[in-house]
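**Student:** The following block contains the structure, expressed as structure tokens.
The values are calculated or read from the model by the stated rules, or taken from the named source; none is laboratory data. In this text the structure is predicted, and so the values were computed from the model without any measurement. Note that we place each Cβ from the backbone using ideal geometry, even for glycine, and neighbour counts take in every protein chain shown.
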Amino acid sequence: MVYLFCGLLGGAILAAICTPLFRKETTLESAIIEETQWDLLQRKKEVILGNIQDLEFEYKCGKLSEEDYQKIRAEMNAEAAQVFQQVESLESSADLDALIRREISARKTRSNSVTQTSCPSCGSKNPTTNKFCADCGAKLKP
């Protein structure tokens with residue numbers, strides 16, 4: 001009986017700890033932190049270029065043969081070219097200003113879906129999670 005109680009208590013504690021890890025945030029802060037496809041491509045590009053630098057270093061240290069170096073370098077160059085092409089197509093599909101406007105409007109619609117309260121002082125809309133107005137700094141009613 002004691003073991004059953006301990007098992008249930010342990011399971012409840014584990015569930016309480018893990019629940020926030022799997023819950024999707026819908027706050028404005030989480031929408032701002034969310035990465036776009038362009039951000040992911042930029043990170044991938046940085047990783048590939050770092051890998052090419054590491055490859056150059058290892059070749060100069062004598063850890064790779066000429067044949068292996070040429071083969072791996074060609075593969076990495078092809079992967080880098082593909083990422084550069086994806087970034088270029090994303091940027092040229094619409095100018096960056098339009099891309100920024102689309103991203104801002106998408107984030108605004110996501111933030112508008114979150115319930116908001118009006119500031120009693122200036123009347124601006126604020127998420128219900130805010131304790132103070134983002135525009136004037138007045139205290140919001142709970």
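**Student:** State which residue pairs qualify: first residue assigned to a loop (DSSP other than H, G, I, E, B) and inside region 123-142, second residue among the acidic types (Asp, Glu) in any location, beta carbons under 6 Å apart, and separation of 6 or more residues or different chains.
**Tutor:** Cβ pairs passing all conditions: SER124/ASP135.
**Student:** Here is a follow-up. Listed residues LYS63, LYS45, LYS71; which is surrounded by 14 or more Cβ atoms within 10 Å (Cβ to Cβ) and modelled with pLDDT of 85 or more?
**Tutor:** Unique residue meeting the criteria: LYS45.
**Student:** Can you pull out the residues in region 1-34 that are among the charged types (D, E, K, R), over 20 Å from GLN116 (Cα atoms) and either surrounded by 10 or more Cβ atoms within 10 Å (Cβ to Cβ) or modelled with pLDDT of 75 or more (or both)?
**Tutor:** Scanning region 1-34 gives a single hit, GLU34.
**Student:** Out of region 97-119, which residues are assigned to a loop (DSSP other than H, G, I, E, B), at pLDDT below 85 and either surrounded by 12 or more Cβ atoms within 10 Å (Cβ to Cβ) or touching an Asp or Glu at 6+ places or on another chain (Cβ under 9 Å) (or both)? Steps first, please.
**Tutor:** Going residue by residue through region 97-119, those that are assigned to a loop (DSSP other than H, G, I, E, B) are 113-115, 119.
Narrowing the set further to residues that are at pLDDT below 85 leaves 113-115.
Correct list: VAL114 only.
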